[in-house]
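The values are calculated or read from the model by the stated rules, or taken from the named source; none is laboratory data. Here the structure is a predicted model, which is why all the values come from computation and not from measurement. Cβ placement follows ideal geometry from the backbone for every residue including glycine, while neighbour counts extend to all protein chains displayed. All accessible areas refer to the heavy atoms of the entire protein, side chains included, with ligands and DNA or RNA removed. Shrake-Rupley method; radii C 1.70, N 1.55, O 1.52, S 1.80 Å.
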Amino acid sequence: MADVKRRPYRTTIRRGDAPELICGAAHRLFSEKGYLATSIEDIATEAGVARPTIFTAVGPKATILRLVVDQALAGDDAPVPIAQRPWWREAVDEPDAVRSIQLHARNMCMINQRAAPVLRALEIAASVDTEARGLWERFQRQRHDGLNEFAIALTGKTTRVRYDENTVTDTLCMLAADAYLRLVRDAGWPVERYQDWLTDALLRLLLDEHDNG
């Protein structure tokens, strides 16, 4: 396994900078090496901070993982739930069903760019690590609830929706991080191609008589 890339050790950092440095380093390492293969020492080295700083500024590795996942999903560390973010509300509240699906595909692409690799690391770790399993189950519940909100809103916009809200929710869950990783990371698709594909797939799957032109 390749060694962790050494970053310059920071003898002084501004108050409040350490959590961002640590979470950024952990995000890179969890995405590249996986959660289980990443040690606290690896994170400290990547962040350029002393090992004790990890615990005083953020906490143990499971806490770091939770923060990394939450920030990757939301896009920042602001204490605002995804369901209240303007970009999420825009898709849910859009009255036109086609445009709503287009906005949802945009959102999923945006989230997956940040979060798909670290979510894969979390899912793998959950099979053997109790704390990671708890975080994975929490994420699964939150994802289901968020997508169910979108599904309920979508079924209320038009009679063209093919399925009931539960089936729409399950369909959206299926076309999540795994599809992004398979197509963008493994097959080498540009992100723009993935977003276009996801938009078209959702329109075809969810709405009757979609005009592909």
Requested in this report: With runs of 4+ DSSP H residues as the only contributors, calculate the mean residue ellipticity of the chain at 222 nm using -39,500 (n - 2.57) per run, divided by the residue total and rounded to the nearest 500.
Outcome: -21000 deg cm²/dmol
Report task. Ignoring everything but the protein chains, give the 1.4 Å probe accessible area of ILE40 in square angstrom, nearest 10. Result -> 20 Å²
Requested in this report: Decide, for the range 33-178, between rounded, prolate and oblate: order the square roots of the alpha carbon gyration tensor eigenvalues as a ≥ b ≥ c, take rounded if a/c falls under 1.5, and otherwise choose prolate if a/b is larger than b/c, else oblate.
Outcome: prolate
Report task. Among GLN84, GLN195, GLN140, determine the one that fluctuates most according to a GNM of the chain built with springs between C-alpha atoms less than 10 Å apart. Result -> GLN84
Query raised in the report: For the range 135-152 and the range 49-69, what is the separation of their C-alpha centers, rounded to whole Å?
Result: 26 Å
Requested in this report: Evaluate the distance, in nm, between pseudo-label points positioned 7 Å from the Cα of GLU41 and of ARG85 along their respective Cα→Cβ axes.
Outcome: 3.6 nm
Requested in this report: Would you grab the residues whose amide H sits under 5 Å from the one on LEU207? Only those 5+ places off in sequence or on another chain, please, with H modelled 1.01 Å from N.
Outcome: ARG162
Report task. Enter the accessible area per residue of the chain (Å², integer; probe 1.4 Å; all protein chains in place). Result -> 53 Å²
